[in-house]
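The values are calculated or read from the model by the stated rules, or taken from the named source; none is laboratory data. Just so we're clear, the structure is a prediction, and the values are computed from it rather than from any experiment. In this analysis, Cβ positions are derived from the backbone assuming ideal geometry, glycine residues included, and neighbour counts consider all displayed protein chains. All accessible areas refer to the heavy atoms of the entire protein, side chains included, with ligands and DNA or RNA removed. Shrake-Rupley method; radii C 1.70, N 1.55, O 1.52, S 1.80 Å.
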Amino acid sequence: MRRFGVLITALIAILFAFPACAQTLAIRAGNVIDPATGKVATNQIILVKDQKIVEIGPSVSIPSDAQVIDLSNEWLMPGVMDTHTHVTFLEHDLQHTLETNYLIEGKGTRVLFGLKTSQILLNAGITTVRDVGNEAEYASVDVRNAINRGWFTGPTILTSGKIIAPFGGQGKHIPPEVGPVWRYEYIDADGPEEIRKAVRENIFYGADLIKLVSDNTGAYYYSEEEIRAATNEAHSANRAVAVHVLGGQAARNVIMGGADSIEHGWNLDDDLLRLMKEKGVFLAGTDFPAIHLKAAGYHNADKIGANIIDRLTRAYKIGVKLTFSTDTVTEMPNETRADMAWDYLAVWRAAGVPPNEILKAMTTNAAELLRIQKERGAIATGLYADIIAMPSSPLDDIESMRKINFVMKNGAVIRNDASKNPK
């Protein structure tokens, strides 16, 4: 009897070692948007198997054993990408320094918060995020790894690890006897050699990209030589470089130093924007709605909001490559982080950016910046099946994004409030 039990256990082990082939899903798609061109293909059949799109077209044959999902009345597009997030970070008190958070939340709490945040974003149709620091001791790396291992559902996460900055990070007036508490989230690096070492350290601990803070750190900002040291080191390891910078000479150094993206850039003048276009530098503008700034306690929220709209308007007209980015680290009453992400749509509308270009910033441009355009960012054969749908066209009204009712991630249905009785 004991030998029989051992045999059964061995057979079970063999079965689990060779999982059954994944079932094919066939989506009847009424309208499929190509954000790269703004064109719409109607009455398409999308076949999905083994996480990817294997065929798409108007006359694709549906296998007899396929599960059919009827989205014939819907508008489909690739999943949204947010290129500036902090999924493991919630700033509890904007009136005090970032370091106050370290006293009330350990890494474990940050990881769990990151899982919660990631799942909220995915359920709303944000299927890929670029997490750019403020993640404690590599908490976002842990969240990414847990999702990638299949322990939890969540978006694709690309994370930068600790932020590299001049001495002190983004801290202010910390008493010397307290010690360098900011190193919980930052790496001090001054001079090219320290920067190169910091890049290597981040990559060792699992970073998918590199994030630097140039200005807004105190009396100093990084030189072109220092930025170049970071980009050379990161690019040699096939990692992109994002740099927090607001404007002025610091921004010029970032652009000339070969960075892949400027984060924020609220004070960029037209000359700098034209230089960004010339050099192919992306703008992840984190275009905060004034309503969020007011809720955060900024007394000049309307002025800051108007400045952001003006900069976004000029960047679009000049032709800078734009990506959708939120930088949400606070909470609004009765809104999730996904709800807050859609609040940014009003800023893009106010800046005169047409819906097709907003969708491009959410998908095509974002995938290029994240270096995953051969994997995601379009509904096309061979790409991962990250697909969202909604009942009305976002090309006609970008606010339709708030009504997303179908989400597929890596070929798995996460949410389906739209389909007519899957067969």
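The table below gives the values:
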read-out	value
FRET efficiency for Asn416 and Ile291, using Cβ-Cβ distance with R0 set to 25 Å, rounded to 0.05	0.20
Largest to smallest accessible area among Tyr316, Tyr186 [probe 1.4 Å]	Tyr316, Tyr186
Ile120 accessible area, 1.4 Å probe, all protein chains in place, Å² to nearest 10	60
Rounded accessible area per residue of the range 213-257, 1.4 Å, Å²	40
Whole-Hz ³J(HN,Hα) from phi, Karplus 6.51 cos²θ - 1.76 cosθ + 1.60, for the range 87-92, glycine and proline x	5, 9, 10, 10, 8, 6
Among Trp182, Trp151, Trp266: highest mean-square fluctuation, GNM of the chain, C-alpha pairs under 10 Å	Trp151
Largest-first ordering by accessible area, 1.4 Å probe, given options Lys49, Lys294, Lys162, Lys39	Lys39, Lys294, Lys49, Lys162
Average accessible area per residue (Å²) across the range 116-157 - probe 1.4 Å, nucleic acids and ligands excluded	32
Förster radius 25 Å - calculated FRET efficiency between Phe152 and Lys172, Cβ distance, rounded to 0.05	0.10
Estimated FRET transfer efficiency (Thr381, Asn267; beta-carbon r; R0 60 Å; 0.05)	0.90
Rounded to 5, percent antiparallel among DSSP beta bridges of the chain	45
Residues of the range 309-357: accessible area per residue with a 1.4 Å probe, Å²	37
The range 273-423 - percent of accessible surface contributed by carbon and sulfur, probe 1.4 Å	48
Potential extension, Ala237-Phe204 segment - 0.36 nm per residue separation minus Cα distance	10.8 nm
Segment Gln67-Val54, length gained on full extension (0.36 nm per residue, minus Cα span)	3.2 nm
Highest-fluctuation residue, Gly248, Gly79, Gly169 considered, GNM on the chain with Cα pairs under 10 Å	Gly248
The range 253-286 versus the range 226-250: alpha-carbon centroid distance in Å	11
Euclidean distance of C-alpha centroids, the range 70-130 and the range 295-321, integer Å	22
Of the trypsin sites (Lys or Arg not before Pro) in the range 316-386, those whose Cβ has at most 11 other Cβ within 10 Å and which sit in DSSP loop	Lys374
Label-point gap, in nm, between Ala346 and Glu278 - each point 7 angstrom along Cα→Cβ	3.8
Candidate residues Phe406, Phe204: accessible-area rank, largest first, probe 1.4 Å	Phe204, Phe406
Alpha-carbon Rg/Rh ratio, for the range 267-423, with Rh computed the Kirkwood way	1.00
Overall form of the range 84-243 per C-alpha gyration tensor (a/c, 1.5; a/b vs b/c)	oblate
Global form of the range 233-349, assessed from the alpha-carbon gyration tensor, a/c cut-off 1.5	prolate
